[in-house]
Amino acid sequence: MRRALAFVLLACLTLVAHAHTKSETYTVWHIAGSSVHSTFSIPLVEADRLANSGARASNDDVSRYLAAHVWVTSKTGKCNLAGPVRAVAATEQFRRFDLAFACSSSDAIELHSSAFFELVPSHVTLAQIELDSGDMIEQMITTEHRDLALSGGEAEALRSASFFEYMKMGVMHIFTGVDHMSFLLGLVLISRRARDLAFVITGFTLGHSATLALAVTGILRPHAEYIDALVALTIALIGAENIAVATRRPEVISIGVASLLTVMAIASAAGFGSLPASLLAGAALFGSCYLMMSGHLYDAARLRLVVTLVFGLIHGFGFASDLLEMRLPTERLLELLVGFNLGVEVGQLTLVFVLLGIVALLGRVRIALPRPIVVDVLSSALVGLGMYWFISRSFR
């Protein structure tokens with residue numbers, strides 16, 4: 001029994017170790033022959049990382065930084081900056097800068113950025129690239145992938161990949177995504193019967209399938225920073241529901257969650273945090289109503305179908321971010337989406353059955369803890385982990 005409990009605590013600590021600082025910038029590139037134009041959009045909190053002693057970075061500071069950390073190369077070597085980096089008008093939450101490059105050749109153009117990685121190793125830059133042909137490419141620049149080649153390489157690999165290789169991408173996304181594995185653990189914990197599990201898995205599948213397709217095809221493109229935080233909140237809420245049902249005190253849990261989110265909404269309205277106050281206020285209302293209803297319903301399975309569908313909508317946008325790291329072949333986009341989504345389903349069903357198998361095996365050899373203790377311990381861990389991620393991703 002002690003070894004089983006130690007394993008649970010070790011697993012929770014391992015999950016926490018995977019949490020990392022969320023840091024993002026956004027860039028749009030236009031390629032016209034040998035001319036390259038880029039617009040960098042930088043959230044205020046990211047731009048201020050460049051300042052010393054907590055002061056606000058000036059436009060000149062950011063311009064010099066981008067000039068040193070963003071460049072373009074072609075077949076003949078490094079391209080020249082065509083004029084200084086210029087600050088341009090942006091919304092109040094962002095700083096925006098224009099860069100222009102003149103290359104001596106239009107062949108083998110590559111885009112490079114090392115911006116912000118020395119400050120935040122987990123930083124990502126979401127890049128949208130418009131080619132001379134009119135084709136659009138969307139990718140992520142990360143500390144491991146700082147160079148974007150506009151021909152061959154990964155794009156050709158995706159074009160020649162088989163349907164089963166697309167499925168493998170989806171499977172690996174589940175097995176390497178701590179956020180999504182944590183959420184699936186919460187679904188297993190809340191499901192006492194096979195029918196309950198069928199309802200929640202169905203709702204989650206319908207939700208993430210819809211938004212995965214909408215995001216990758218560009219029909220909807222929500223702010224990635226918001227999605228990361230909301231994914232974390234779904235983990236906390238599914239854990240909180242487990243506790244509310246187990247303790248039969250949904251009012252207390254509901255008030256606690258709503259109070260925390262309301263405080264965060266007030267702080268956001270006062271200028272603290274990166275999430276909009278309206279989003280946090282809506283999350284407080286949704287979370288409190290959801291926990292109250294699920295805690296008082298005798299059979300909440302059908303309610304969970306609807307709720308997990310909503311949660312699936314959020315996770316679907318999270319799944320899409322993995323695909324957007326790559327140059328997606330538009331001529332095979334439907335095949336890629338279907339294969340990737342089937343892979344996600346195979347991955348999550350495999351994980352669910354493995355968890356159920358472990359539970360059954362421990363019960364058979366009689367070394368398992370009583371279900372109420374396991375549910376309480378793991379649900380508490382999910383609440384703590386989810387809120388840690390949510391708060392850290394909300395105040396950046």
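Number of residues in the stretch 3-55 that are at pLDDT 80 or above and assigned to a loop (DSSP other than H, G, I, E, B): the value is 2. Only residues that are surrounded by fewer than 17 Cβ atoms within 10 Å (Cβ to Cβ), in a helix (DSSP H, G or I) and touching a residue at least 40 places away in the same chain (Cβ under 8 Å) were counted across the stretch 248-261, and they come to 1. When the residues of the stretch 103-139 are narrowed to those that are among the polar types (S, T, N, Q) and more than 23 Å from the chain's Cα centre (by Cα), which ends up nearest to residue 215 (Cα to Cα)? It comes out as 133. Residues in the stretch 89-139 that are among the basic types (Lys, Arg) and either farther than 16 Å from residue 49 by Cβ or not assigned by TED's automatic domain parsing to the domain that holds residue 61 (or both): 1 in all.
In the stretch 75-94, the residue that is nearest to residue 25 (Cα to Cα) out of those that are surrounded by 14 or more Cβ atoms within 10 Å (Cβ to Cβ) and at pLDDT below 90 is 94. I'd like to check something: does the stretch 230-250 contain any residue that is among the acidic types (Asp, Glu), modelled with pLDDT under 90 and out of contact with any Leu (no Cβ under 8 Å at 6 or more places or on another chain)? No, there is no match, as no residue in the stretch 230-250 is among the acidic types (Asp, Glu), modelled with pLDDT under 90 and out of contact with any Leu (no Cβ under 8 Å at 6 or more places or on another chain).
Please state which one of 287, 282, 239, 271 is without any contact (Cβ under 8 Å) to a residue 12 or more places away in the chain, within 24 Å of the chain's Cα centre (by Cα) and in a helix (DSSP H, G or I).
282
Does at least one position in the stretch 305-327 carry a residue that is at pLDDT below 80 and over 24 Å from the mean Cα position of the chain (by Cα)? No, there is no match, as no residue in the stretch 305-327 is at pLDDT below 80 and over 24 Å from the mean Cα position of the chain (by Cα). When restricted to residues that are in a strand (DSSP E or B) and among the hydrophobic types (A, V, I, L, M, F, W, C), the stretch 73-125 contains 11.
Candidates are the residues of the stretch 95-107 that are of a type in the set (Gly, Ala, Ser) and in contact with a strand residue (DSSP E or B) (Cβ under 6 Å, 6 or more places away or on another chain); the one that is modelled with the lowest pLDDT is 105. When restricted to residues that are at pLDDT 80 or above and either among the acidic types (Asp, Glu) or under 22 Å from residue 393 (Cβ atoms) (or both), the stretch 127-144 contains 5.
Counting only residues that are at pLDDT 80 or above and surrounded by fewer than 18 Cβ atoms within 10 Å (Cβ to Cβ), which one in the stretch 189-225 is farthest from residue 346 (Cα to Cα)? In this case the residue turns out to be 214. Listed conditions (1) farther than 30 Å from residue 177 by Cα; (2) modelled with pLDDT under 85; (3) among the polar types (S, T, N, Q) are all met by residue 122, apart from (1).
The values are calculated or read from the model by the stated rules, or taken from the named source; none is laboratory data. What you see is a predicted model; the values in this text were computed from it and never measured. Glycine gets a Cβ as well: all are built from the backbone with ideal geometry, and neighbour counts include every protein chain shown.
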